[in-house]
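A.B. asks: A single structure is presented below for examination.
The values are calculated or read from the model by the stated rules, or taken from the named source; none is laboratory data. All values reported here derive from a predicted model rather than from experimental measurement. Don't worry about glycine lacking a Cβ; one is built from the backbone with ideal geometry, like all the others, and counts go over all protein chains shown. Remember, those area values only see protein heavy atoms, side chains included, never the ligands or the DNA or RNA. Shrake-Rupley method; radii C 1.70, N 1.55, O 1.52, S 1.80 Å.
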Amino acid sequence: MEKEVTITNIKKETPDTKTFRFDLKGSELNFIPGQFIMVTAQIDGNPVRRAFSLSSSPLRDYSEITVKVEKGGYFSGFACEKFAEGCKINIKGPYGHFTFRDGEAKSLLLIAAGSGIAPIRSIVQYIDDKKLNVRMTLLYSNKNETYIIFTKEFENLEKTNKNFRFVPTLTREESESWNGRMGRIDANMIKEFFMDGDLCYVCGPPAMVTKIVDLLKAHGVPEDRIKTEKFG
């Protein structure tokens, strides 16, 4: 059953990405961190539906989706250009199995690229909100510094939560100001950051997810310790 919700806040994360917050008062949405919803909007007089991962913790009194304008993205382009505070949209769900449940693991290796950070942010926020004693290492790949989503949030969380580590890496950075890691997430990074017992989450473009899963398996990670979500 669809629910009508109102967009209460819009935050521009990067030049091509926005986070849309909607109030859940009177419209309860029970979801597990990592799940997604279907969002319906009227575009040119026709209802258009797309899936978006919830990018916020289910423990908060609002929910958020984070939308990146994709090349040729009919819905994403419309949303980032036309959605405004006070705008009403219909949502349905939640759905999906790319989730974290209490007690499932004591340590997580979280790997994301681009907008694949959305459901992983939900998981990270949830664990932090609930003060769970779960170690989290986040490897996050982007083209350049400008396009890293939630940079400040993750940097601040690293300072306040001793169990969280944020490791961004860039594939095309040309700025002299960047002094972080360069290159794609590879076997060496997996070897450096994977710890025995980690439950692994991988989210991003299909080709990236497939490659990372192969690297994890080659490193000896059992298939049942790897969860994936493909965007695109």
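A.B. asks: In the Gaussian network model of the chain, springs joining C-alpha atoms below 10 Å, which of G116, G220, G34 carries the largest mean-square fluctuation?
C.D. replies: The residue with the greatest mean-square fluctuation here is G220.
A.B. asks: For segment 98-232, with every protein chain kept in place, what is the accessible area per residue (1.4 Å probe, Å²)?
C.D. replies: 50 Å²
A.B. asks: Here's a follow-up. Under the definition of Cα pairs under 8 Å and six or more residues apart, what whole-number percent is the relative contact order of the chain? Could the numbers behind the result be given before it?
C.D. replies: On the way: 475 pairs, mean separation 44.6, N = 232.
The normalised contact order for the chain reaches 19 percent.
A.B. asks: At q = 0.19, 0.26, 0.27 Å⁻¹, work out log10 I(q)/I(0) for segment 161-232 with the Debye formula, treating every Cα as an identical point scatterer and leaving solvent out; two decimals please.
C.D. replies: Debye output, listed in q order: -0.89, -1.30, -1.34.
A.B. asks: May I ask for the net charge around E70, where only other residues with Cβ less than 15 Å from the Cβ of E70 are counted and Lys, Arg are +1 while Asp, Glu are -1?
C.D. replies: That works out to +3.
A.B. asks: Please list, or write none, the aspartates and glutamates whose alpha carbon is within less than 16 Å of the alpha carbon of K162, excluding same-chain residues fewer than 8 places away.
C.D. replies: D128, D129, E153
A.B. asks: Still on this model: Under 16 Å from the Cα of K71, which aspartates and glutamates turn up, not counting those fewer than eight places away in the same chain?
C.D. replies: Within the straight-line limit of under 16 Å, K71 reaches these aspartates and glutamates: D16, E81.
A.B. asks: State the extension gain, in nm to one decimal, for the chain segment bounded by D196 and K211, taking 0.36 nm per residue of separation less the distance between their alpha-carbons.
C.D. replies: 3.4 nm
A.B. asks: Using only Cα atoms, what Kirkwood radius does segment 24-86 have, in angstroms?
C.D. replies: Hydrodynamic radius (Kirkwood, Cα only) of segment 24-86 equals 13.0 Å.
A.B. asks: Same structure again: Please get the size of the charge dipole for the chain, origin at its Cα centre, with Cβ charges of +1 on Lys and Arg and -1 on Asp and Glu, quoted in debye to the nearest 20.
C.D. replies: 140 debye
A.B. asks: Here is a further query. Within 14 Å, Cβ to Cβ, of P205, how many net charges do the neighbouring residues add up to if Lys/Arg are +1 and Asp/Glu are -1? Walk me through the intermediate numbers first.
C.D. replies: Numbers: positive: K68, K71, K143, R184, K211, K230; negative: E70, E229.
Summing Lys and Arg as +1 and Asp and Glu as -1 gives +4.
A.B. asks: To continue, here is another question. Take the Cα atoms of the chain, build their convex hull, and give its volume per residue in Å³.
C.D. replies: So the per-residue Cα hull volume is 129 Å³.
A.B. asks: Counting only helical runs of four or more DSSP H residues, what would the 222 nm mean residue ellipticity of the chain come to if each run contributes -39,500 (n - 2.57) and the total is spread over all its residues?
C.D. replies: Rounded to the nearest 500, the figure is -6500 deg cm²/dmol.
A.B. asks: Considering only protein heavy atoms, what is the solvent-accessible area of D61 at a probe of 1.4 Å, reported in Å² to the nearest 10?
C.D. replies: Counting only protein heavy atoms, D61 exposes about 110 Å² to solvent.
A.B. asks: Give the residue list of trypsin sites (Lys or Arg not before Pro) in segment 1-75 that are DSSP loop and have at most 11 other beta-carbon atoms within 10 angstrom.
C.D. replies: K25, K71
A.B. asks: Kirkwood hydrodynamic radius, segment 1-134, all distinct C-alpha pairs: what's the number in Å?
C.D. replies: After inverting the pairwise mean of 1/r, the radius is 15.3 Å.
A.B. asks: Okay, next question. Anything over 23 Å Cα to Cα? Flag those among K130/K217; K131/K217; K106/K227, in the order listed.
C.D. replies: Violating the 23 Å Cα-Cα cut-off are K130/K217; K131/K217.
A.B. asks: Moving on. Would you mind telling me the antiparallel percentage of the DSSP bridges in segment 42-159, rounded to 5?
C.D. replies: 30 percent
A.B. asks: Subtract the Cα-Cα distance of Y95 and T146 from 0.36 nm times their separation in residues, and report this length gain in nm to one decimal.
C.D. replies: Length gained between Y95 and T146: 15.3 nm.
A.B. asks: Restricting to DSSP loop positions (anything but H, G, I, E, B) with no more than 13 other Cβ atoms inside 10 Å of their own Cβ, which GluC sites (Glu not before Pro) remain in segment 151-207?
C.D. replies: Sites meeting the loop and neighbour criteria: E174, E176.
A.B. asks: Could you look at the chain and say what percent of its accessible area is carbon and sulfur, using a 1.4 Å probe and all protein chains?
C.D. replies: Of all accessible area on the chain, carbon and sulfur atoms account for 47 percent.
A.B. asks: Would you mind getting me the FRET efficiency between E2 and A218? Use the beta-carbon distance for r and R0 = 41 Å, nearest 0.05.
C.D. replies: Numbers: r = 43 Å, r/R0 = 1.06.
For R0 = 41 Å, the calculated efficiency reads 0.40.
A.B. asks: A follow-up question, please. Under 14 Å between alpha carbons, and skipping anything fewer than 8 positions from K211 in its own chain: which aspartates and glutamates qualify?
C.D. replies: Once the sequence-local aspartates and glutamates are set aside, what remains near K211 is D186, E223, E229.
A.B. asks: In addition: D for segment 110-230, whole µm²/s, Stokes-Einstein with Kirkwood Rh over alpha-carbon pairs at 37 °C and 0.692 mPa s: what number?
C.D. replies: 223 µm²/s
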